[in-house]
Every structure is written in C-alpha cells, then in structure tokens.
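The values are calculated or read from the model by the stated rules, or taken from the named source; none is laboratory data. The structure presented is a predicted model; accordingly, all values stated were derived computationally and were not measured. Every residue, glycine as well, gets a Cβ built from its backbone with ideal geometry; the counts of neighbours run over all protein chains shown.
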Amino acid sequence: MPSLRFFSSAASAVLTASLVASASAQAPRAPQTSASRPTLVVFITVDQMRADYFPRFARQLTGGLGRLYRGGAVFTNAFQDHGITETAPGHSVTLSGRFPRSTGIVMNSRGVPDAQAPLVGGGGDGASPYRFQGSSLIDWMRLDDARSRALSVSRKDRGAILPLGRAHQSAFWYTPDGRFTTSTYYADTLPTWVQRFNARKIFARYAGKLWTPLLPDSAYPEPDSVRFENGGKAYTFPHPFPATPQAVARAFTDYPVMDSVTAQLALAGVNAMNLGRGPAPDLLAISFSTTDAIGHRYGPDSKELHDQIVRLDRYVGQLIDSLYKIRDSSRIVFALTADHGVAPYPELRAEREHVPAERVDIRDAIQGLNARFHATGTDAAVRYEEGIVTLDSAVIASRGMTLDAARALVASTLRKVPGVARVDDRASLAASDTTTDFIARRWVHMLPPTVDADFVITMDPYAYLSTVGYATHGTPYDYDAHVPVIFYGSGVRPGRYADRALVADMAPTLAAILGVKPTQRLDGKARTEVLPHSH
C-alpha cells in the first residue's frame, strides 16, 4: 500500500489558490490603519489539548501552533475551572465567558442531542443548543453591529454548536457518511458551498493508504510498542486506512487528516460567506477534534499523539497563511484554547512511576445500593452519571425509608469504595472555602441549580473507572483542567503571562479587543494586560 506522509497538502494548496483567486477578483478593500479593530476573530479550540504539549513539542512546532505559542500572548497558568472536564461543558465556556453552572451544559450526554432538530440529509442524531442558557460572543457582536456573522465548524456536533450558544448562525459538523452537515435548528438545506465541498469526497482519496510518522523516527522519543494503547490491538505504526471509501468515511475521525479537512471547510466558508471583510467584525470558530480521538485511542504519552500534534501544527499554519492571503492580516485576531486535557493510562503510569494503577468500581456500589432499596432498572433509587449521584425520593419513600436516612446510607457506602477520594453534597460544597479547595470550587462551577445532584464523587488523582478501556478525562484535577489560553494578532500585546487565567476569560477579552459589551454578568474577566494600551 502507498504511504501518505503529508496529509492533504496538495488539496489544501489547491483550495488556497482558489480562495486567493476568488478574493483578488473582488473589489479592493479600503485602506485600514493598524489601530483599527479586527474584522475577523478566529477562535480555535483543540479538543483534548493539554497545556504541556506546547513546551513538550515546541522545537518541532514550526507551523501555526508554534507561531501562536512564540508570538502570542500566552497564559502559562490557565484552566478550565469546572468539575466534569468533557467536550460539551468545555466548549460551552469558550465563547460565553461563563461556567457550566451558567451555560446549563453539564456533560456530553446532556449537551446538544436533540431529536427535534434532525440533521439535514440525515446521517446521524439530531442536535441543537436548546439546553444552552444565556449569550455568547457572537450575540454581543451582533448587538453592537447586526451585520456581524459567525461560522463554526468541527468534526463534532457539540464542538461546532456550543461556541455559538443559541445563535442562529452557521454551524457545520461531520457525519459518518463523509459529509459535513448541520441540523434543522440552523437551516433546512445545506448552502451550495457546503454541498460543493462535500461533493469533493476528500475522504475517498485515502482508501488503502497509510498513516506513517511525519518526522524521522529519531524525532519521537515515545516507544511505539505500548500494549495498553488502542485496546491492546494495532498500536504500532503504520496505521492503514480502510480499503473502501465508505469504510474510510466512518473511520476518518481517527486520523490526523480529519483536522486538515476541517480547516479546509473553514477556509471555504470564509470565502463563500465573505467573512472578515468588514465593516463589522465576523467570527470564525474552529474546533479541531482529532487530538481527542487519538488521545483516547493511544493516550497522551504515545508516538501517535506526538505525530498528531506535529501535523496539527502544520495544518494550523496552512490555515493562518491562507487567511493572511485572502484577508488583511492586520485585521485578524486569533485565540486558541482547549475544552479539557487528559490523564495517562493508569497501568502505563504505574509502570513508569512505580505507583499503583487505580481502577475504581462505582458500578458495583450503585448496584449494591439499589439492591438494598429493592430497586433496579428504570425503578432505580440511586443513579450515577459522570460523577453525579442522584436519588429518586419517590422510590425511596415507597421502600419505607426517609430521604435523610437514604442519603446517609448512600454517602457512607460510596466513601468506602476504594479509589474514591471524596463524596460531597451540595450543602458541603456551598460551605467550602472555594479559594483553597479547588475540587469544591470546580464542582460549584459545574452544577446549575436546575440539575439534580444529591452527591458528586471525586476519585483519587489519576484513577480511572473500572469500566473504561481507553485514555480519558473528566475529573476536576489539573491534568484534565490545565489547558492553553493564547491570543495572537490584531489588538494583542504578545508576551508570557504567569498569572492564573481561565478559559472563561477569553470571551470577555475578545469583547474588549473588539470594543463590544457582554450582555450579562460573566464568570470570566477581560485580561486587559494583553491589550496594547494596558501599559
């Protein structure tokens, strides 16, 4: 089988050339001064991008990630500051400036699924932001100038939808049949430019090809023979693409080239929608999802993850270069962050650090409690999901027990489970000193008052649930919460900033750069130290 060392470079070059030709055919822009506010905000979220990947791979980041890291305003001590560090909650924070307790997005399963908003053309489950509460940056931009528009693209529906909040703008995501689509929340039909992009069937070009490392093997210190990766199967390079186009379409999300195609879609949209030409500023939100897919499959310490970051660096570089060719580079501001980090495989960490590998069995404890209440299945008295434990008071009352007695039983039982660090109820969280107790603070930031949560469970650091067979995230610990926060370009003063920062600070900071006002109270604050006039 032929080897493919540089994914889609030719396709990207062709697309860039067509965009430049199309842009040059349009009327020239009026001259702008460097003091003018940006006309295009490019917000990049890299799904599962740990903050330490930047210094770890810095010497090999010669493309876009390296450009942002070396030339931008970089907050080296930045975090998502909530308890369930998953894709949906993290993306809900990025451009809203508010924690999940305010956005209403508490976990993936309660994120964007919506049967009442089917996909245009089918190919997957319906999705919309109907659970999202409040406003986001594009709302503030449009209230300042109704001509502002937004385009958001991602491999994941939640990655495309949630940065826009409830705004009826343009959001597109990938389906397993190889298309990008949207849901009826946004449109009844796909715009012509998306139809044309889909008709190219870029995924089909990779049938029978190989994912091999981009750099020489000597550039990767990670071993390529770690048995914990990918469920113990096919964990060494090369990684073949499936043999048929249909199978490639389904598997495409597990290969770095998915990010390249996402960037190409974004560029096509900028051109087709005429974004960034002014006079009002526009928003382009891009969520690159492949780091998450590869991180889950092979782990954060893998050769595959290393290669993914190096390739993403090149793709982001192509994106920036292409935007600079078709738009005024002095009028573009970039921002980059992540929705969450990731923890290493417990068994791999145990081998390397000579510590126990903790696997926590919450399921048996919950089943045991329900057996005590003689309640199972849909009649369960105790339910557990993503660290949240809820009690059904009606079921408990029907078993002749008071709710207080049941709560005491549940708490004491769960606290005895090996690997459980703490079990908190809402009253204890509210009474905690959240300035010193970061776990309590992140759980307080997680839970809207409308979400039932009798208890929240925090496992020991680096512990995994016994039912999880892949590398994962989702805890309040820093390895899942420490993410990059970077600003670059128009209206930004470069430098390294060591003060603690939050992803929730990014939307108000961009609002300050644009000169627009948030329409509600935010959890984050504008980081005025990155503004040129702040010194």
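Picking from Arg331, Arg311, which residue would you name as being over 26 Å from Phe252 (Cβ atoms), at pLDDT 95 or above and basic (Lys, Arg)? Answer to the selection: Arg331. Filtering the range 342-375 to residues that are at negative phi, over 29 Å from the mean Cα position of the chain (by Cα) and outside any helix (DSSP H, G or I) leaves Val355, Pro356, Phe373, Ala375. Restricting attention to the range 101-145 and to residues that are more than 25 Å from Ala430 (Cβ to Cβ) and among the charged types (D, E, K, R), the residue that is surrounded by the most Cβ atoms within 10 Å (Cβ to Cβ) turns out to be Asp139.
Taking the criterion of being more than 19 Å from the chain's Cα centre (by Cα), crowded, with 20+ Cβ neighbours inside 10 Å and hydroxyl-bearing (Ser, Thr, Tyr), would at least one residue in the range 464-479 satisfy it? The answer is yes, given that some residue of the range 464-479 is more than 19 Å from the chain's Cα centre (by Cα), crowded, with 20+ Cβ neighbours inside 10 Å and hydroxyl-bearing (Ser, Thr, Tyr). Scanning the range 70-80 for residues that are closer than 20 Å to Asp292 by Cβ and either surrounded by fewer than 24 Cβ atoms within 10 Å (Cβ to Cβ) or touching a Leu at 6+ places or on another chain (Cβ under 6 Å) (or both) yields one hit, Phe79. Residues that are charged (D, E, K, R), touching a strand residue (DSSP E or B) at 6+ places or on another chain (Cβ under 8 Å) and surrounded by 17 or more Cβ atoms within 10 Å (Cβ to Cβ) within the range 423-443 comprise just one, Asp424.
Going through the range 480-502 one residue at a time, which ones are part of a helix (DSSP H, G or I) and either in contact with a helix residue (DSSP H, G or I) (Cβ under 9 Å, 6 or more places away or on another chain) or surrounded by fewer than 23 Cβ atoms within 10 Å (Cβ to Cβ) (or both)? Within the range 480-502, just Ala481 meets the criteria. Picking from residues in the range 377-406 that are more than 37 Å from the chain's Cα centre (by Cα), in a helix (DSSP H, G or I) and β-branched (Val, Ile, Thr), the one that is surrounded by the fewest Cβ atoms within 10 Å (Cβ to Cβ) is Val395. Within the range 217-271, the set of residues being among the hydrophobic types (A, V, I, L, M, F, W, C), over 24 Å from the mean Cα position of the chain (by Cα) and closer than 28 Å to Ala160 by Cα comprises Phe241, Ala247.
Report the residue count in the range 194-252 for those that are in a helix (DSSP H, G or I), closer than 21 Å to Tyr53 by Cβ and touching a residue at least 40 places away in the same chain (Cβ under 8 Å).
Residues that pass the stated criteria total 3.
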